[in-house]
């Protein structure tokens, strides 16, 4: 991962000072603590995170028949036809007012989630149904589109403030290549493009819009611990046309530090968010699923869940034609962009979130080792054990 090591070099003086302060202060956060699932949480669980970061994989691990309908399972199952990629809350036309309990879009969302009261009439009949059935079924929404949305956390806060969220993060340069490759191999788009073309156009779009350039610089100037500044900056960035094209989202959706701030400011609660390193999820499936099950249900893995996790082998794609790989100069430019907007503050953000009660998994090996704050983050984590 030499290319990534380049993107993580050069910690600023501010980073060094912040790291020193973190080392000097006592660790105030407590060990991970299970928070009971709330029966009125709609949905019960959310899996969000970067595309090609493992959301589909994790969804399958949780909803596969052998584990979902295991007779020894002590928890409510998910709907028989649980659907991934609803992406309902990030669709055009969603209105926060209409998402309130028993309003039109709220009922539509319940039905899509497979909730037993999705088809119930409103009013007293709905309330009776909810009281009788809310604890008989868990609901699950899983999509990458929520992770970088500036409005979904607001909708969800009004809809249900008690859902548990699993957010998955993958090294941004590698993620962009992997997602581009996915689209090309599946024939969905960009069969006639080189990934360099998209990256160059992405930077051209930034340079052509002085307002966007200013918004990005303001975001980069926010101190790492200023969640309001980071969240407001991401809201402003999302208002530009850059985020409207799939080509630009290929790269802009990797700005995790800003997107995390919106969720952290508007929605995340102690004990109800798990931030997971996608690389560790792919490479250490058993450990990852053990953490997920403990976070979601507060119990050890069942034999059926262990068997399913053991049977997974992560196939790294060998379909890497030259058009699917960034050229060295373009890779370097993209790495420097992510270093400024993601890498420099990522581990400080993760450390702050952990101190606020968020669960963490991974981030203790490659490809993060050369990043600013890596050593401090993991040293503090070990001191809690």
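The values are calculated or read from the model by the stated rules, or taken from the named source; none is laboratory data. Keep in mind that this is a model prediction, so the values were computed, not measured. Using ideal geometry, Cβ is built from the backbone for each residue, glycine included, and neighbour counts are taken over all protein chains shown.
Restricting attention to segment 34-43, does a residue exist that is assigned to a loop (DSSP other than H, G, I, E, B), modelled with pLDDT under 50 and at negative phi? Break it down stepwise before answering.
Residues of segment 34-43 that are assigned to a loop (DSSP other than H, G, I, E, B), as a first pass: 34-43.
Pick out the ones that are also modelled with pLDDT under 50 and you get none.
No, segment 34-43 has no match at all.
Suppose the filter is in contact with a helix residue (DSSP H, G or I) (Cβ under 7 Å, 6 or more places away or on another chain), modelled with pLDDT of 90 or more and at negative phi; does residue 57 pass it? Steps first, please.
Numbers: in contact with a helix residue (DSSP H, G or I) (Cβ under 7 Å, 6 or more places away or on another chain): no; modelled with pLDDT of 90 or more: yes; at negative phi: yes.
In short, no.
Conditions tested, residue by residue: (1) farther than 22 Å from residue 328 by Cβ; (2) at pLDDT 95 or above; (3) more than 17 Å from the chain's Cα centre (by Cα); (4) loosely packed, with under 14 Cβ neighbours inside 10 Å.
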| site | (1), (2), (3), (4) |
| --- | --- |
| 199 | no, yes, yes, no |
| 218 | yes, yes, yes, no |
| 239 | yes, no, yes, yes |
| 251 | no, yes, no, no |
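Can you list the helices (runs of 4 or more DSSP H) found entirely within segment 164-246 that contain at least 2 residues being more than 29 Å from residue 347 (Cβ to Cβ)?
On the way: elements: 172-185, 195-208, 210-221, 227-238.
The helices (runs of 4 or more DSSP H) meeting that bar are 172-185, 195-208, 210-221.
Quickly run through segment 133-163 and pick out the residues that are in a strand (DSSP E or B) and over 21 Å from residue 98 (Cα atoms).
Taking segment 133-163 and keeping what is in a strand (DSSP E or B), we get 140-142.
Passing the criteria: only 142.
Inside segment 332-354, can you point out the residues that are more than 17 Å from residue 202 (Cα to Cα) and under 18 Å from the mean Cα position of the chain (by Cα)?
Those that are more than 17 Å from residue 202 (Cα to Cα) and under 18 Å from the mean Cα position of the chain (by Cα): 343, 345, 346, 347, 348, 349, 350, 351, 352, 353, 354.
Consider segment 74-86. How many of its residues are buried (at least 16 other Cβ atoms within 10 Å of the Cβ) and farther than 16 Å from residue 110 by Cβ?
Result for segment 74-86: 3.
For segment 247-272, which positions are closer than 16 Å to residue 155 by Cα and part of a loop (DSSP other than H, G, I, E, B)?
267, 268, 269
What are the pairs with Cβ atoms under 8 angstrom where one residue, in segment 78-104, is on the phi > 0 side of the Ramachandran plot and the other, located anywhere, is part of a helix (DSSP H, G or I) and surrounded by 14 or more Cβ atoms within 10 Å (Cβ to Cβ)? Sequence gap at least six, or different chains.
The qualifying pairs are 87/145; 87/146; 102/126.
Could you please tell me which pairs satisfy a Cβ distance under 9 Å, a separation of 6+ or placement on different chains, a first residue in segment 43-69 that is free of Cβ contacts under 8 Å to residues at least 60 places away in the same chain, and a second residue that is outside any loop (DSSP other than H, G, I, E, B)?
Filtered contacts from segment 43-69: 60/308; 68/62.
If you check 160, 124, which single one turns out to be more than 18 Å from residue 58 (Cα to Cα), surrounded by fewer than 22 Cβ atoms within 10 Å (Cβ to Cβ), at pLDDT below 90 and under 22 Å from the mean Cα position of the chain (by Cα)? Don't jump to the end; show me each part of the working.
Details: 124 fails: under 22 Å from the mean Cα position of the chain (by Cα).
Only one candidate qualifies: 160.
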